[in-house]
Amino acid sequence: MDSTTENLESPQAGDLDRAPAVRAMFDRISGRYDLANRVLSLGMDRGWRRQALAALGESASGEVLDLCAGTLDFTSSLVEHGASRVYAVDFSAAMLEEGRAKLSDADPVELLVADARELPLEDNSVDGILCGFGLRNVPGVEQAIGECARVLRPGGRLVILDFFQPEGALSRVLQDSYNRWIVPWVGGMITGSPDSYRYLADSIDAFTTRTSFEQMLSSQGFSSSGREVFPPVASLIVGERAEVSGG
């Protein structure tokens with residue numbers, strides 16, 4: 001894997017050409033990313049991930065794509081839960097390399113450095129897709145959802161855990177306060193890169209609402225349902241790809 005870090009400025013959340021800068025940012029913070037997540041969420045991110053894995057249902061025992069896999073938290077959990085094969089895709093080689101220690105050589109996992117908008121998988125090749133806190137970093141997220149629809153088998157399930165633009169008053173207050181003050185300060189202190197965590201906070205403001213995202217899924221042939229997880233700062237969306245009609 002090529003984990004060369006490009007010397008680029010911090011990404012801007014609304015920039016449609018930000019992908020190279022986002023990749024370089026994740027390469028920079030990969031070594032302290034897990035610790036920052038645990039501290040910033042007070043450990044609650046682990047519970048959120050357990051809920052997302054449970055929402056995958058029977059699809060979790062088949063061939064699963066861990067999209068925007070990062071440091072492989074979902075991938076290692078999928079292996080523990082008996083997935084027959086896991087394709088861990090992320091565009092930061094350094095993040096995948098950081099997570100490699102969570103796996104053994106015998107685990108049925110393939111690590112793939114690739115863009116979510118151009119997945120290196122065949123049509124109808126996976127039973128389920130998990131994506132944790134990654135799609136808001138993808139410019140042109142509609143293209144990534146289209147790729148999910150392409151590689152997911154009919155009847156398969158797509159589960160997305162992420163921070164969306166808040167719609168309720170309580171969620172808005174919690175997210176605004178947390179993202180503006182705590183995330184850049186604490187994340188920057190742990191990783192030495194406050195600009196990276198300022199971007200991650202800004203990326204939520206630049207992302208869509210959960211309602212709009214579900215409409216996007218519908219336009220790509222998914223039926224979906226979403227809900228907030230406690231506390232109401234993160235959301236879980238479950239999409240199912242329609243079965244092929246017989247006859």
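Values in this text are rule-based calculations from the coordinates and carry no lab data. These numbers were taken from a predicted model, which means no experiment stands behind them. Positions of Cβ are generated from backbone atoms using ideal geometry, with glycine treated the same way; all protein chains shown enter the neighbour counts.
In deg cm²/dmol, rounded to 500, what helix-only [θ] at 222 nm does the chain give when every DSSP H run of at least 4 residues adds -39500 (n - 2.57) and the total is split over its residues?
Helix contribution divided over all residues of the chain: -11500 deg cm²/dmol.
Among Met216, Met189, what is the fewest-to-most ranking by other Cβ atoms within 10 Å?
Least crowded to most crowded, the residues run Met189, Met216.
Taking H placed 1.01 Å from N in the peptide plane, check which residues at least 5 places from Ala116 or on another chain put their amide H under 5 Å from its amide H.
Those qualifying (amide H under 5 Å, at least 5 residues apart or on another chain) number zero.
Give me the percent relative contact order of the chain, please, defined on Cα pairs under 8 angstrom at least 6 residues apart. Write out the running numbers ahead of the final one.
Working: 465 pairs, mean separation 50.1, N = 247.
Relative contact order, the chain: 20 percent.
Whole Å is fine, so just give me how far the alpha carbon centre of the stretch 97-154 lies from that of the stretch 155-185.
Centre-to-centre (Cα) distance: 22 Å.
What residues of the stretch 59-80 lie in the reach of a label at Arg50, counting those whose backbone N is under 14 Å from a point 7 Å from the Cα along Cα→Cβ?
In the stretch 59-80, the label zone of Arg50 (backbone N under 14 Å from the point 7 Å along Cα→Cβ) covers 77.
Please work out, to two decimal places, the log10 of the ratio I(q)/I(0) at q = 0.10, 0.23, 0.26 Å⁻¹ from a Debye calculation in which every Cα of the stretch 72-160 carries one identical scatterer.
Relative scattering, expressed as log10 I(q)/I(0), comes to -0.24, -1.32, -1.59.
Whole percent per 5 Å bin, from 0 to the bin with the longest distance: what is P(r) over all C-alpha pairs of the chain?
1, 7, 14, 19, 21, 18, 12, 6, 1, 0, 0, 0, 0
Can you give the convex hull volume of the alpha carbon atoms of the stretch 43-95 per residue, in Å³?
Details: hull volume 3.8 nm³, N = 53.
With only Cα atoms used, the stretch 43-95 gives 73 Å³ per residue.
Between Gly188, Gly43, Gly156, where does the largest GNM mean-square fluctuation fall for the chain, given springs only between Cα atoms within less than 10 Å?
Gly43
Relative contact order for the stretch 91-215: what is it in percent, counting Cα pairs under 8 Å that are at least 6 residues apart?
Here the relative contact order equals 21 percent.
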